[in-house]
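Scroll down for the structure; my scribbles are underneath it.
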Amino acid sequence: MDSHFSFFNSIQNFKLQRSSSMESRKAAIVEASPSISVPEAFLVNALCVLGLAFAVWAANTVFSIDLVSHPSLTLFFISIAELPIVILLYSRYRLNRQQCTYLRAVARGVLGVPIGTLLNFLGAIALGAPVKFQYLPKTINWALMMSVFTTVPASCVLGSSWADWRRIFAQTKPKGSIEYLICLPAHGALIGAWFGAWPMPLDWERPWQEWPISVSYGTIVGYLVALVASLGFILACFRSQHIKSD
Amino acid sequence: MKQTETTSSSAAEGRKRGKWGYIWPLWTTLLLHLLAILLFTAGFLLTRTELPYHSQCSDVSRSPCFSSNNGSCWTKPAVNRVVLIVLDALRFDFVVPSTFFAEAKPWMDKLPVLKNAASTRPLSARIFKAIADPPTTSLQRLKGLTTGGLPTFVDVGNSFGAPAIVEDNFINQLVQNGKKVVMMGDDTWTQLFPHHFERSYPYPSFNVKDLHTVDNGCIDHLLPSLYEEDWDVLIAHFLGVDHAGHIFGVDSTPMIEKLEQYNTILERVIEVLENQSGSGSSHENTLLVVMGDHGQTLNGDHGGGSAEEVETALFAMSFKKPLSSVPPEFDSCSIHQDLDAMNVCISSMQQLDFAVTVSALLGIPFPYGSIGHINPELYALGADSWNSDASQKLSESDVWMQNYANALCINSWQVKRYVDAYSASSAVGFSRDEFSRIASIYAQAENHWSHFTKKLLLDRQNNSNISVSALKEQIDAYFKFLTAVTELARSKWTEFDLNMMGIGIGIMLISLIFQVFTVLRTTKEHDGTLSSSGDSWIVNGSILTIFLLGIRAFSFLSNSYILEEGKVANFLLSTSGVLTLRQSVIKGKLLIESIGFLILSTFCRFAIEVGLSKQAATSAFMKDYTSWIINIASGLPVWDYAAEVVPIAVLILLAAWLYKASSGSFFDWPWKYVILGTILSYMLIIAHWITDSNRFDGALIPQSVGRTYIPRIIYAIALGQLLFLTFGQLFKKSNLDCKTDLVAKTTSMLSAWSSTVILLSGKQGPMVAFASIFGGCFIMKFVNIEGKDGPQRSFSIMQWSLFATCLFFCSGHWCAFDGLRYGAAFIGFEEFVLVRQAILLTIDTFGFSIILPVFGLPFLVASMYQTNLGKHFIFTQLSQMYTTYGLITAITTTFTILCVTIQRRHLMVWGLFAPKFVFDVFNLILTDVFICLASIYYFDQGREDPEVKSPGG
């Protein structure tokens, strides 16, 4: 009941905003974060999930590879499949729409890939990822996937605004719905990866305990959970805004 | 020391809180921990006292039994020579035919020679399933095999570092009775029996990756030795199967190759013995024994009590005309058909019975502490030589039975004697009820013997049928007694006292509550004085601390995490580094430091990995030098050279840094001289290394001076520095403010310890010291990351503690006894003095992980506040820090204790959990002790600063 109600509410809200956006365009530029309506957020999340699911499915059936047998190839495939979806979707919600075209946001997102890969790679090494030569491609491909989940959406939306990056990734104080959509999944992926590392030392001798398979599973699970959670947060955010505006 | 405390506390009377007021919770904690650990250890670490007595030939006249009268010792010798081939980690299924099992595996049927001998000559060759007692490690098993006892985890009386067996044993009895023993193979034997062998060809056993050195050495000497006449017992110990299991696992090609190689060798050995077994030849009366000391799991692990590990095989073969049959009552064998449809008879025995049975066969006194019984089937293999003097009226099996009954009589008397002696002399003997039960069983059996059987045996003209049944009765009575003793011994030496353990855990929990209470009380006091607290980051920081601590503590519940503890600690350290980085990004300061901290923890991680790889690759009990720098420096000469030069360069850097620090204005006379002394010590260390290495030949100082005197001078300087610091503190009235004073005191204390710690750690010492200085500085700076208002105390202390743990692993240690660097105990000293060497070993093991971190903790307080807040405030902070640090250590140790309690039946309990327990408990006590010492040192009774600013104002 409650969720239905809020869903309708948000649709109304969305319509209201659409109509009012024309008048307050000037204000929207000043506002730090553009907002995203609940159905739109739902759509973005759904597309991300579908993209991921498709990538895993296609890897399994079309190329008949999976994380356990070919971790590095599969990770690469997942990243490649998910990357355009993420970039194209998130670039629509870029900040400063006036100065920044859609294409530029896409370019920023593409730039976020190597940076994110490097950061995640270094982080993985610092936290104990194996450095032997045979593990190098696995680590790099894992870092690539992590960058798709963490830095790429952020760089599409935020660009190079250090203050925003700091606010979202260090302080975890997202403002507005779109920032929830960046902040939560990124943190979810990181925390999931952290927990995914724990089964690795156990002596169960399962093939999935190898680096980076369990960590990748952790990442994906964390990411998915956080996507769902972010929807909840956006809903809550809208309701509070709604109450405020009342 | 007690005196000064009481005077100080009385001097501080009337003040708000005297020195004693800060210190007493720390001492109470120490006492509580000591009590808890003492009780728990008494219940958990099964101990057995080694008795120094030895059996003598003449002892047997005191027994009620017949002693053999033809000049030999306790029993009539049945074999003259024994060839004992020990195949390390021989699984039971390596030997028996695969039809014995539900499914044939690739590693089965690879030793067909043994099986064929047993099937073609069932009376003179036998295969036994030999069941070992845990701990199933080679050293403990060899000890058990030769002493006939049950070695426990802690055998009181075992000498430190040198594992030589002091208890009476089979090898010792051989030597005492003029038998000559030749040994080849695993050098553990020469460690256990350093002076017993006529000839020995030991080969190093610690390199697990080396499958062939020991075995090839054995092979080279085994066959020629068989033709020699100069030995009575020949021992050949092959290690290849054990190593192949450790490296490749059981189901692997190297394992199968090893087994096939053994098969060929055993074929040749049997052939040689066979050819020489004619009447008058050298092996006329020889017994061949091929046995495993323990089994192994499919992964090649052993140490615990799982069936795969304790079940090993024993093959025995005699080369003379065999006894026609063993009386069926004593024949436990089960017959199986092998692949060629031949019957193979497989019996079962306890490894415990090996020592006494072989002693009985050779006719030497049984080892004093043996509690096994003579195995009838193995004993029967040497039977036929008695026929000659037996009267013709009795069948040979009856003669054998008479002999066996007498041997068992001696056996029971010897076991009873040991039980009596053990109860009398051991601090924790058997319980009274148990003891009297055993005594009554023995009395019964002996009664039967002296009133009935003895007469029967003396009067051999009696009807043989009656005699046989009476003998069987007698033998059963002895069996009953011996079984009861074995059961009692197993329960005593392999079972835990749960009540004691429970009480210990209870007291440990009480101490935790006490510590938490103390921390909370000081926090409240602190909050009372410092008004502006309650920042969210404090709460945040505490939650993170509890989270990290909880994860670390819970990780001890699994053996895998204990095995990889270094990596886990480092993972958590890096995580805390990431969290700090996050915090520093928020605050926009100390970015370089937090990145530096992450890089440092990455370096630590590589050092830990090198250490862990070494841990996996060693099984040696004694190693002289296990610093990782040697490990790295094997290969290129450039590396070699760098490994010599870099530590020296780093040490010079450290000295320069200390010099610079000491030239600071606030370093007064006592501190300044201490630091100068340390710099001198560093120079001496460099001189020591230069003389020690063979790279710099033309050194000015002769090697002996460099080796022994320089380290001793360094120890003397360090001792002098410590005394100087203690007394300097009593006489000196500082005119500096409290905080600067604290920094000076801490720096000089650390520098006084550092020279010894670095010297003992070897070449890696300066690097680890360097890393610890950097890590310490970073953590100190992070304390202030929130600004003055929100000191993230607990998180910094947690970081400090994690870093200390990482340093333990970085400096090439791990929580196992083979992780101790025994070589460090002998730097500067050649001969062994228990206390002195133990102190040196302790300083080496815990120098970087306890001594330096605990004494360095005041830096965290000193860096916390920029302004001087007065003595009382700083001391409150310091005592809180020490309590928190102690609490963190206590919580992890409590979890280790809980986890050993839960996992006490785990197969790794002796291999992994118990060493971890010992290390953690030692770690906790040592931490507590050093915290107490540090508290006496740092909390001085000097006057309150005149210019006290009111705290928080």
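Read-outs throughout are calculated quantities, based only on the coordinates presented, and are distinct from any laboratory measurement. Source: prediction; values computed, not measured. Heads up, the Cβs are rebuilt from the backbone with ideal geometry, glycines too, and the neighbour counts pull from every protein chain shown.
Per residue of peptide B:563-574, the mean number of Cβ atoms on other chains within 10 Å of the residue Cβ is 3. Which entries of A:Lys173/B:Lys567; B:Lys739/B:Lys763; B:Lys745/B:Lys871 show an alpha-carbon separation above 25 angstrom in the structure shown? A:Lys173/B:Lys567; B:Lys739/B:Lys763, as the Cα separations exceed 25 Å there. Mean partner shielding of peptide A:120-127, defined as the number of other chain Cβ atoms within 10 Å of each residue Cβ, is 5. Averaged over the residues of peptide A:194-201, the number of Cβ atoms from other protein chains lying within 10 Å of each residue's Cβ is 4.
Quick check on packing: order B:598-610, B:235-247, A:97-109 by the mean number of other C-beta atoms within 10 Å, highest mean leading.
Packing order, densest peptide first, comes out as B:235-247, B:598-610, A:97-109.
For the range B:227-239, 3J(HN,Hα) computed residue by residue from phi via the Karplus equation (6.51, -1.76, 1.60; θ = phi - 60°) reads 8, 6, 10, 8, 9, 10, 10, 10, 10, 10, 10, 8, 10 Hz, glycine and proline entered as x. Projecting the Cα atoms of B:Pro367, B:Pro151, B:Tyr262 onto the charge dipole of the range B:78-372 (Cβ charges, centred on the Cα centre) puts B:Pro367 farthest toward the positive pole.
With an a/c value of 1.5 or above and a/b not larger than b/c for the gyration tensor axes a ≥ b ≥ c computed over the alpha-carbon atoms, the range B:799-940 is described as oblate. Look at the Cα gyration tensor of the range B:78-372: its axes a ≥ b ≥ c give a/c under 1.5, and that counts as rounded.
A straight chain from B:Ser252 to B:Ile652 at 0.36 nm per residue would run longer than the Cα-Cα distance by 138.9 nm.
Translational diffusion of the range A:38-245 was estimated from the Stokes-Einstein equation, with Rh taken as the Kirkwood radius over Cα pairs; at 25 °C and 0.890 mPa s the coefficient is 141 µm²/s.
Ordering B:342-354, B:826-838, B:136-148 by mean Cβ neighbour count within 10 Å, with the highest value first, yields B:136-148, B:342-354, B:826-838.
As a length-normalised measure over Cα pairs under 8 Å and 6 or more apart, the relative contact order of the range B:78-372 settles at 35 percent. When each of the peptides B:549-555, B:194-200 is scored by how many other beta carbons lie within 10 Å of its residues on average, the order from highest to lowest is B:549-555, B:194-200.
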